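Heads up: the structure comes next, in structure tokens.
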Amino acid sequence: MKKLVVLTGSGISAESGLKTFREMGGLWEEYDVMEVASPEAWEANMELVLRFYNERRKQLLQAEPNPGHLGLSDLEKHFDVDIITQNVDDLHERAGSTKILHLHGELKKVRSTVDPNLIYELDGWELKAGDKCEKGFQLRPHIVWFGEPVPAIEKAVEIVQQADFFAVIGTSLVVYPAAGLIHYVPSSVPIYVIDPNPVQTPYHKNIEFIQQKAGVGVGLLKEKLLARLNK
Ligand code: OAD
């Protein structure tokens, strides 16, 4: 099977009712990113950081995968699909996609503040001050905060370099290193960008914009990819 690599961002989960970050009404309009999503924030106001992610988790438990997530999972019938996501939700997993790399962590997981290898599934939505790892240290959200390294990026680059087709869905491509992945797409590989709004991309000779929401856009992507396969 040909390899389809898909880079997703918060826009793919918008139709599931989860907010994006930088749009009007987005999360970073409501919150100052450095006050809730940085190591400095954790030092200065752990309660606020915990509350922010508890709220996100609570909303996620009520959300369901939408046709965008489901359409990508369905594409596994025709392609070897790898999803690289900046999202911390588990909607790709719940839609049935099998190969998902989370660049920015996972909302449903928490980890030790002393040993990053001690990672746990959180039961329910609430992580509290005083919740501790097995070594007796406070647990934190398993999220990559601003200013922290992105450990999965090397693996992501490897995957992108193997793509036969590449798609970008629902990301403004402004946060690095994730946004830089597009530079590793071989020049002969077609790139499809699905987003209802214009997205600034680096130059690539083979790029097509599908200016639609993910729910509709993934259906169109499927048609275009299958047409190429059958050429
Ligand atoms: P942004 O909020 O920057 O971009 C969301 C994109 O989704 C925009 O281009 C929207 O036009 C698009 N969009 C909106 N509705 C859509 C829909 N129904 N279908 C498809 N696209 C839609 O969010 P991200 O690019 O995901 O990181 O942000 C990247 C990172 O910045 C996040 O992972 C997060 C944030 O700070 C961390 O917290 C570390």
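Just so it is clear, none of the values below were taken in a lab; they were calculated from the coordinates. Just so you know, these numbers come straight off a predicted model, no measurement behind them. Please note: Cβ atoms are built from the backbone with ideal geometry, for glycine as well, and neighbour counts cover all protein chains shown.
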### Message
In the chain, if the dipole is taken from +1 on Lys/Arg beta carbons and -1 on Asp/Glu beta carbons about the Cα centre, which of Val157, Ala227, Ala95 is farthest to the positive end?
### Response
Ala227
### Message
I'd like to know which of Met34, Met46, Tyr192 lies farthest towards the positive end of the charge dipole of the chain, counting +1 on Cβ of Lys and Arg and -1 on Cβ of Asp and Glu.
### Response
Tyr192
### Query
Hey, what do the phi angles of the stretch 63-71 turn into as Karplus ³J(HN,Hα) couplings, whole Hz, using 6.51/-1.76/1.60 and θ = phi - 60°, x for Gly and Pro?
8, 10, x, 10, x, x, 4, 5, x
## Note on the structure
Rounded to one decimal in nm, the spacing of the 7 Å Cα→Cβ label points at Met46 and Lys224 is 4.8 nm
## Note on the structure
Given the candidates Ile210, Ala14, Trp125, the one whose Cα lies deepest towards the positive end of the charge dipole of the chain, counting +1 at each Lys or Arg C-beta and -1 at each Asp or Glu C-beta, is Ile210
### Query
Taking a threshold of 18 Å on the Cα-Cα distance, which of the pairs Lys58/Lys109; Lys3/Lys222; Lys77/Lys205; Lys2/Lys77 fall above it?
Lys77/Lys205
### Task
Please list, in chain and number order, the residues 5+ apart from Val193 or on another chain whose amide H is under 5 Å from its amide H, with Hs placed from the backbone.
Val168, Glu208, Phe209, Ile210
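Kindly work out what percent of the DSSP beta bridges joining two residues of the chain are antiparallel, to the nearest 5.
Values: 9 of 31 bridges.
Once the DSSP bridges in the chain are tallied, antiparallel ones form about 30 percent.
Please get the size of the charge dipole for the stretch 132-231, origin at its Cα centre, with Cβ charges of +1 on Lys and Arg and -1 on Asp and Glu, quoted in debye to the nearest 20. Let's see the in-between values first.
Working: 10 positive and 8 negative charges, 35 e Å.
Dipole of the stretch 132-231, to the nearest 20 debye: 160 debye.
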### Task
With a cut-off of 18 Å, note down the residues of the stretch 10-37 whose backbone N falls inside the zone around a label point 7 Å from the Cα of Asn197 toward its beta carbon.
10-33
### Task
Using the number of other C-beta atoms within 10 angstrom as an exposure proxy, rank Lys222, Lys205, Lys132, Lys213 with the fewest first.
Lys205, Lys132, Lys222, Lys213
### Task
For Thr8, list long-range residues whose amide hydrogen, built 1.01 Å from N in the peptide plane, is under 5 Å from its own amide hydrogen.
Ile84, Thr85, Gln86, Ile169
### Task
Kindly state, to the nearest 0.05, the FRET efficiency for Phe137 paired with Lys231, given R0 = 41 Å and r defined as their beta-carbon distance.
0.15
### Query
How far is the Cα center of the stretch 172-231 from the Cα center of the stretch 13-84, in Å?
21 Å
### Task
Work out, step by step, the length gained on full extension between Glu76 and Ile207: first 0.36 nm times the residue separation, then minus their alpha carbon distance; give nm to one decimal.
44.9 nm
### Task
Mind putting a number on the dipole of the chain about its Cα centre? Charges go on the C-beta only, +1 for Lys and Arg and -1 for Asp and Glu, and I need it in Debye to the nearest 20.
680 debye
### Task
Using label points projected 7 Å from each Cα along Cα→Cβ, tell me how many nm separate Lys3 and Glu148, to one decimal.
2.8 nm
### Message
Relative contact order for the stretch 35-172: what percent, with Cα pairs under 8 Å and sequence separation of 6 or more?
### Response
24 percent
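Which FRET efficiency, nearest 0.05, do Glu55 and Met24 yield, Cβ-Cβ r, R0 22 Å? Kindly include the intermediate steps, with their values, before the conclusion.
Numbers: r = 20 Å, r/R0 = 0.89.
Calculated transfer efficiency: 0.65.
Take Phe209, Phe21, Phe165 and order them by how many other Cβ atoms sit within 10 Å, fewest up front.
On the way: Phe209 15, Phe21 19, Phe165 22.
Exposure proxy ranking, most exposed first: Phe209, Phe21, Phe165.
Size of the dipole of the stretch 77-202 about the Cα centre, Lys and Arg at +1 and Asp and Glu at -1 on the beta carbon, nothing else charged, in debye to 20?
Working: 11 positive and 17 negative charges, 33 e Å.
With only Lys, Arg, Asp and Glu charged at Cβ, the dipole is about 160 debye.
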